[in-house]
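Throughout, read-outs are computed from the coordinates displayed, never taken from laboratory work. These numbers were taken from a predicted model, which means no experiment stands behind them. All Cβ positions, even for glycine, are placed from backbone atoms using ideal geometry, and neighbour counts span all protein chains on display.
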Amino acid sequence: MLNDLGQADVAFSYAPGKIILVGEHAVVYGAKAIAMPIDCGVRVAVMPLPRNKVESRGPMVRGLGPFFMGDTYVDADSSGPQVLKSALLYILEVFGDAAKELAIVVDGSLPPGRGLGSSAALSVALIKGIYRYLSRPLEREVLEKHAMALETIFHGRPSGIDHAVVMGGRVIAFKKREEGADIWPIALKNSLTFVLAIAGPHDGTKNAVKELGMRKRRQEKVYERIFLGLNEIANEMEQALIEGQKASVGELMNIAQGYLNALALSTPEIEKLCAIARDRGALGAKLTGAGGGGAVIALADGNDLELFNAFKAAGYQSLIAKVPPVADMCGE
Ligand code: PMV
């Protein structure tokens, strides 16, 4: 259906969430990291604001699903989630008048603040949805620029890995440079199945990155060595993924978790979840994302249901995420 201006009345977009297999935090300081999209994400629908709302409160974002609940406007008494309000303010700044009469519905199956890329997925899906609604072509560089700007609002000093993997919808290696980053796809030999357990909220990626920066300043040389170690794990991991050496991928995940613990990013709960996974035959387990809470990922070896049930039995929310060999998980 077309509106008065000949534009589509509703535009839909989708972006997947992600997991980081190795290199979180170290990536901020130039180490190589590997990330994968997962088959849960954020869906956005963009449509005209109902006529009776146009004059009263301006554009709105309605969050649906368990994670983004609430109606958000830019005015002071809007009660919706802060993340949606920040996004809305950015959209108004970028699109000006064209954004004033928009109603945006966001539906997310990804728990936010758990290191699963919900904010990057939201950023990418929002921008794609609005461009599509306005029938404007969207170049990759422009999407990248907006996603980075939104992620900077949400996270402070992002390396860019989250939205790079979310935008590409495939497994990537990522290495930050002074300007931009080197990003290349990795073709997996086999599909991989991860079982995720949610260890609870963390204190926000922004804080985690800032606090690690402070610890690093106190132990500069030691931290640099650990980042080199994580970079080495990423090199070995890339090879193991290409060759389909699942056991090696798992073993490298376990070593990475040891380093992350040394960087004070783990918690007793994360260690407990890693132990549950390894006891039940996971090939490897580690935290993913900012740490200090968030999610644990366990690499399954045909035992995904057993791992899922073990996490549930221990009282944790769990989900199973599959990564196909040549993933294109943008969902469009
Ligand atoms: O947004 P999260 O929690 O997945 O963390 C992203 C990874 C970090 O390395 C901690 C931060 C970054 O920007 O790379």
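Which value, in nm² and rounded to one decimal, describes the direction-averaged projected area of the C-alpha convex hull of region 147-191? Spelled out: convex hull of the Cα atoms, projected over all directions, averaged, 3.5 nm². Computed from the alpha carbon atoms alone, the convex hull of region 91-196 holds 132 Å³ per residue.
By the rule of a C-alpha distance below 17 Å, with chain neighbours fewer than 8 residues away ignored, the aspartates and glutamates paired with K175 are E24, E144, D162, E224, E232, E236, E238.
Stokes-Einstein diffusion for region 197-301 at 25 °C, viscosity 0.890 mPa s, with a Kirkwood radius from C-alpha pairs, works out to 173 µm²/s.
Label-to-label distance, T152 versus K312, with points set 7 angstrom from Cα along the beta-carbon direction: 4.4 nm. Between 0 and 90 degrees, the angle of helix 268-279 with respect to the longest Cα principal axis of the chain falls at about 60 degrees. For region 11-39, the residues whose backbone nitrogen is under 14 Å from a point 7 Å from the Cα of W184, taken along Cα to Cβ, are 32-34.
Using +1 at the C-beta of Lys and Arg and -1 at the C-beta of Asp and Glu, which of I38, L228, A187 has the Cα lying farthest in the positive direction of the dipole of the chain? Highest projection toward the positive end goes to L228.
By the equivalent-ellipsoid construction on the alpha carbon gyration tensor, region 103-154 comes out with semi-axes of 20, 14, 8 Å, ordered largest to smallest. Averaging 1/r over every pair of different alpha carbons in region 194-244 and inverting the result gives a Kirkwood radius of 13.6 Å.
Residue-wise HN-Hα couplings along region 173-186, as the Karplus relation 6.51 cos²θ - 1.76 cosθ + 1.60 with θ = phi - 60° gives them from phi, are 9, 9, 9, 6, 10, 3, 10, x, 7, 8, 10, 9, x, 10 Hz; Gly and Pro carry x. Distances between every pair of Cα atoms in the chain, grouped in 20 Å steps from 0 to the bin holding the largest one, split as 33, 55, 12, 0 percent. Which entries in the list K18/K100; K18/K145; K32/K286; K85/K128; K128/K189 go over 26 Å, if you measure between the two C-alpha atoms of each? Correct reply: K18/K100; K128/K189.
Counting other Cβ atoms within 10 Å as a rough exposure proxy, the listed residues D9, D71 run D9, D71 from fewest neighbours to most. For the chain, the 222 nm mean residue ellipticity estimated from helices alone, with every DSSP H stretch of n ≥ 4 adding -39500 (n - 2.57) and the total spread over all residues, rounds to -13500 deg cm²/dmol. The charge dipole of the chain, taken about its Cα centre with unit charges on the Cβ of Lys, Arg, Asp and Glu (plus for the first two, minus for the last two), comes to roughly 480 debye.
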